[in-house]
Amino acid sequence: MKKKKLPMAYKPIGFVLGWTGGALAGMAFRATWKAIRHEEDAPDALDKDRGWGEVLFAAAVQGAIFAVVRSAVDRTGATAIERSTGVWPSGGKGGRD
């Protein structure tokens with residue numbers, strides 16, 4: 001069976017979905033950090049007044065939220081593309097093409 005090629009139109013759609021997912025993840029992280037620590041700003045690696053544990057905890061929470069949001073956005077976009085084109089947009093990591 002011959003593989004179908006995904007139209008090049010997915011590239012800009014994927015970019016927009018990625019950007020939107022990043023923005024949503026940032027908002028979700030800020031809200032989560034505020035709920036967990038009751039602080040507006042999470043520490044970053046160069047925040048001298050914060051300890052290692054707090055910095056690494058913030059990074060772990062941020063990474064987990066980013067991964068979940070990105071996966072949800074990517075999966076939603078791929079499903080929409082497959083429904084409209086009949087082709088699953090393989091990202092080269094075991095996609096169904």
Quiz prompt | Rg [Å, one decimal], Dmax [Å, integer] - segment 11-85, C-alpha atoms | solution = 15.4, 52
Quiz prompt | Rg in Å to one decimal, and Dmax rounded to a whole Å, for segment 15-59 via C-alpha atoms | solution = 12.3, 36
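Every read-out reported here was derived from the displayed coordinates using simple, explicitly stated rules and does not represent laboratory data. Everything numeric in this text was worked out from a predicted model, so none of it was measured.
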